[in-house]
1. Hey, can you tell me all the residues within the stretch 31-40 that are within 10 Å of the chain's Cα centre (by Cα) and surrounded by fewer than 20 Cβ atoms within 10 Å (Cβ to Cβ)?
2. Would you say Gly39 is assigned to a loop (DSSP other than H, G, I, E, B) and under 18 Å from Cys135 (Cβ atoms)?
3. Out of the residues in the stretch 63-99 that are of a type in the set (Lys, Arg) and within 13 Å of ligand 2 (Cβ to nearest atom), which is nearest to Lys111 (Cα to Cα)?
4. Do we find a residue being near ligand 2 (Cβ under 9 Å from one of its atoms) and more than 20 Å from Gly87 (Cα to Cα) anywhere in the stretch 123-132?
5. Which of the residues that make up the stretch 65-102 are closer than 19 Å to Trp138 by Cβ, touching a Pro at 6+ places or on another chain (Cβ under 8 Å) and away from ligand 1 (no atom under 11 Å from the Cβ)?
6. Among the numbered criteria (1) part of a loop (DSSP other than H, G, I, E, B); (2) in contact with a strand residue (DSSP E or B) (Cβ under 6 Å, 6 or more places away or on another chain), which single criterion is violated by Ile125?
7. Looking only at residues that are surrounded by 15 or more Cβ atoms within 10 Å (Cβ to Cβ) and not aliphatic (A, V, I, L, M) in the stretch 108-132, which one is farthest from Gly143 (Cα to Cα)?
Amino acid sequence: MTRLLVLPIALLLAACSSSSDASSDSLATETPGPLMRPGENCLRCHSPNTGQNAPVWTAGGTIFTRKDAERDEGVPGVKVVLRGAAGEEVEVVTNAVGNFYTGAPLTKPYKVAITYEGRTKEMPIDAPAGSCNACHSWPDPVGGAPGRIYVP
Ligand code: HEC
Ligand code: HEC
């Protein structure tokens, strides 16, 4: 079965206006919502039994300009295609701060491809989990990841 999920853009734009970071140019915020904590491991909180009461995502992360980008250098409009081991396919698009996330069912591990302005690149190995930013962090990437996820 193929599942196709696209983030509702209107919802994301609506969320911008509630950003608490009015004093800075960055839309990134600590306030829970689509623009929260770009670059951090979303699944640290968005997993079952974390005590955080956050909705559970099967994958979440942020796509940046470069592997060593600052947290406010996320790229909107990047298409992320995740293919679960049971054949599920989920497509999401990064929002204003470069964040993407999904709660759609996905069986681990995942095949990953990202597309931006007609260019595509794949993660050369399967992602063992949807906690993308846990490995793709900067300045201390984990598990051999090159750094942050960045546009092709
Ligand atoms: C420190 C814990 C924590 C981290 C890390 C975190 N979140 Fe959240 N997030 C929450 C909590 C708690 C809520 C729910 C707040 C509420 O419902 O009042 C939330 C809510 C959200 C919502 C709104 C969901 C809804 O349906 O209302 C989105 C979207 C979201 N987070 C995306 C992300 C993304 C993307 C990341 C990673 C870049 C992330 N979060 C990282 C704790 C976290
Ligand atoms: C366990 C750690 C880990 C997790 C979790 C992880 N990755 Fe990766 N990722 C890697 C490693 C390691 C590489 C580099 C592999 C190589 O070059 O052989 C990589 C490479 C990539 C690349 C290609 C990088 C480039 O510039 O060529 C993309 C895109 C990517 N990952 C996206 C994702 C996404 C999206 C997720 C979440 C669904 C994710 N990754 C989860 C470790 C991880």
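Only the coordinates and a few stated rules stand behind these numbers; no lab work does. The shown structure was predicted, so the numbers you read here are calculated from the model rather than taken from an experiment. Cβ atoms come from the backbone with ideal geometry, glycine included; neighbour counts cover every protein chain shown.
1. Scanning the stretch 31-40 gives a single hit, Glu40.
2. yes
3. Across the stretch 63-99, the extreme among qualifying residues is Arg83.
4. no
5. Lys67, Asp68, Asp72
6. Evaluating Ile125 over (1) part of a loop (DSSP other than H, G, I, E, B); (2) in contact with a strand residue (DSSP E or B) (Cβ under 6 Å, 6 or more places away or on another chain) leaves (2) as the failure.
7. Tyr116
Each row is one residue, and each column tells you yes or no for (1) more than 14 Å from ligand 1 (Cβ to nearest atom); (2) out of contact with any Leu (no Cβ under 8 Å at 6 or more places or on another chain).
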| residue | (1), (2) |
| --- | --- |
| Thr107 | yes, yes |
| Val112 | yes, no |
| Gly118 | yes, yes |
| Cys132 | no, yes |
| Val151 | yes, yes |
